[in-house]
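The values are calculated or read from the model by the stated rules, or taken from the named source; none is laboratory data. Just so it is clear, the structure is predicted and the values come from calculations on it, not from any experiment. Note that each Cβ is placed from the backbone with ideal geometry, even for glycine, and that neighbours are counted across all protein chains shown.
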Amino acid sequence: MDISVENVTQIWKSRNGSKVTALDQFSHQFKSGQFSCILGPSGCGKSTLAQIVGGIEKATTGTVSIGAADNPAVTSIGGPSVMVWQSQNLFPWRTVIDNVAYGLEMAGVSRAERYERARVLIASVGLKGFESHFPSQLSGGMRQRVALARALILDRPILLMDEPFGALDAQTKIVMQEELLRIFDETHKTVIFVTHSIDEAILLGDEVIVMTARPGRIKEVLPVNLPRPRSVEMIGTPEFGALFDHAFHLIRDEVTKAMAEQNAAAGAKL
Amino acid sequence: MNEERSWSGLAEKVLPALSIVAFIGAWQIFVDYNKIAPIYLPSPLAISEALLAMIGDGTLFTNLGATLLRIFAGFALAAVTGIFFGLLMGMSRIVARVADPWIAALYPLPKISLIPLLIIWLGTGESYKIVISAITAFFPIVMSTYAGVRQVDRGLVKAALDLGANASQAQLTVVLPGAIPTIFAGLQLGMGVTIILVVAAEMIGGSARGGMGSLLIQAGQVMETEKVFAALVALTLMGAAIMKGQQWLDHRLAPWADHR
């Protein structure tokens, strides 16, 4: 499902009344069935953008429309997209199976049917046998698998992922990335994946949208033409290296700029 | 190393019980050796005899039953109204704003000071004892329910809405269970003050209707000190049993809250 983001600006008002522009005139066409990564330094508004696309946050100005160009719909929470959060946001009082089946339960699907479908998804993310565990009894990687299954069970056309693997250790992260690549190849959803890892963005994405530091604007859209199915071994190839170098230079400029601004702001305070 | 650990593990289990046994033993020896008059301090043996006699002639269970009934009636009233208003306050800003000055004014008031007024209005019968304990328990319950609702992770609510829950489904499936550990803590506080207030109310009014409080006052007035102690032992055990039972129930109803 196509996503058309036009001139989205997000301004946060802080408590002392000053305004912070998190996102500035962001426009991009996300193509149906594509895996788009949004890469940028922290504070560039990339998570905010994902939440605006999901209808979870409201943009200060600008529009997000979803669907075919001749019949677009305004985005809304619980609409055609579903979010996978960095903090997972699993319900601690629900077991794994009741977390995964939550969306179906809210839609009024019978217990027998939603458990049957949840079991299939739990098995597909490698958590068979953990159905009646509580989230607190699982490792970070396992919790993120539950979060993924909980989102996938709804079979919505758009998958939003907000730094889902950001808090995982390096080994778990690699396993999860490969799993996500496999799921993407099987389902071909439209994916918007927010990350601050250059490796991750290039490995997963069909395109990498590199953001500027605050206020967040698009610095460059980098097409990634690595063949699919992809695997972590591709990180060693020269094509990957060239993309990495290019993205790295873009990001380094932004990070230095952001740091200089922070230093200047700190200096002004003194 | 291992031996040491098993020793300290054993000590951890045995010592608490041993300390009680040692205390009672020391008490008995102290009273016997110094020949203290039972009016001032009866020996543990005399107290247990009195306790057995009270069990034998049925006075203990009649009075304990009356007290328990009042405790559970007062607590149930406070729990239902406290949770109801706490949820209402947590879910509606306007209700919270209206309730705020009332709670701020009434919460610090010692509820026991309402006893004269309640006796004027309700007499010294059952309703006065139940109402005074319910009023007292209402406050910790309503406040922790409100706090529990307020501190529910907003991220979880957003996730629920994103997964297709409507607003009332999100309240029912996220806000309510999210608040439960805090509500339970409030219920435990509420139960504690209910016990205190019921016994206090029984001491002040309605000796004819029984209860542990009136049993204590009556025994005290005629200097049956071993009966006073026996009643205190019974009250202590009752309180401990209620608290333990409540903890067990909390664990059964909210097993996720323990291993967080």
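Would you confirm, using the coordinates I've provided, whether B:Ser43 is outside the structural domain of B:Met212 (by TED's automatic domain parsing) and either surrounded by 11 or more Cβ atoms within 10 Å (Cβ to Cβ) or polar (S, T, N, Q) (or both)? Spelling it out, it is not the case that B:Ser43 is outside the structural domain of B:Met212 (by TED's automatic domain parsing) and either surrounded by 11 or more Cβ atoms within 10 Å (Cβ to Cβ) or polar (S, T, N, Q) (or both).
Considering each of B:Gly192, B:Gly164 in turn, give the residue that is over 30 Å from A:Met83 (Cβ atoms) and either away from chain A (no Cβ under 14 Å) or outside any helix (DSSP H, G or I) (or both).
Answer to the check: B:Gly192.
Determine, yes or no, whether A:Glu254 is in contact with a Pro (Cβ under 6 Å, 6 or more places away or on another chain) and not aliphatic (A, V, I, L, M). Yes: the conditions hold for A:Glu254.
Filtering region B:207-258 to residues that are under 16 Å from B:Phe61 (Cα atoms) and not in a helix (DSSP H, G or I) leaves B:Gly210, B:Gly211. The set of residues from region A:48-92 being more than 19 Å from the chain's Cα centre (by Cα), closer than 23 Å to B:Ala167 by Cβ and in contact (Cβ under 8 Å) with a residue 40 or more places away in the chain comprises A:Phe91, A:Pro92.
Confirm whether A:Thr63 is polar (S, T, N, Q) and part of a helix (DSSP H, G or I). Criteria not met by A:Thr63. Could you look through region A:164-191, keep only residues that are surrounded by fewer than 18 Cβ atoms within 10 Å (Cβ to Cβ) and not in a helix (DSSP H, G or I), and pick out the one that is nearest to the chain's Cα centre (by Cα)? Ranking the qualifying residues of region A:164-191, first place goes to A:Gly166.
Cβ-Cβ contacts under 6 Å between residues 6 or more apart (or on different chains), taken from a first residue in region B:167-188 that is over 22 Å from A:Gly103 (Cα atoms) and within 12 Å of another protein chain (Cβ to nearest Cβ) to a second residue that is in a helix (DSSP H, G or I) and small (Gly, Ala, Ser), are listed as B:Pro181/B:Ala257. Checking the structure you have, find out if any residue of region B:206-219 is under 29 Å from B:Ser92 (Cα atoms) and within 23 Å of the chain's Cα centre (by Cα). No - not one qualifying residue is present in region B:206-219. Of all the residues in region A:3-18, those that are assigned to a loop (DSSP other than H, G, I, E, B) and of a type in the set (D, E, K, R) number 1. Out of B:Ile141, B:Ile115, B:Ile71, B:Ile132, one residue alone is closer than 30 Å to A:Asp98 by Cβ, more than 14 Å from chain A (Cβ to nearest Cβ), buried (at least 17 other Cβ atoms within 10 Å of the Cβ) and within 20 Å of the chain's Cα centre (by Cα). It is B:Ile141. On inspection, A:Met161 passes the criterion of being touching a residue at least 60 places away in the same chain (Cβ under 8 Å) and not in a loop (DSSP other than H, G, I, E, B). Could we say that A:Thr61 is in contact with a strand residue (DSSP E or B) (Cβ under 9 Å, 6 or more places away or on another chain) and surrounded by 14 or more Cβ atoms within 10 Å (Cβ to Cβ) here? Taking the combined requirement at face value, the residue does not satisfy it. Exactly one residue out of A:Arg156, A:Arg117, A:Arg145 is farther than 22 Å from B:Leu172 by Cα and within 12 Å of another protein chain (Cβ to nearest Cβ): that is A:Arg156. With respect to being aliphatic (A, V, I, L, M), buried (at least 20 other Cβ atoms within 10 Å of the Cβ) and modelled with pLDDT of 95 or more, A:Ile209 fits the description. When restricted to residues that are assigned to a helix (DSSP H, G or I), more than 7 Å from chain A (Cβ to nearest Cβ) and surrounded by fewer than 20 Cβ atoms within 10 Å (Cβ to Cβ), region B:144-161 contains 4. Just to be sure before I move on: is A:Met161 aliphatic (A, V, I, L, M), crowded, with 21+ Cβ neighbours inside 10 Å and within 10 Å of another protein chain (Cβ to nearest Cβ) in the structure I sent? Against the criterion (aliphatic (A, V, I, L, M), crowded, with 21+ Cβ neighbours inside 10 Å and within 10 Å of another protein chain (Cβ to nearest Cβ)), A:Met161 does not qualify.
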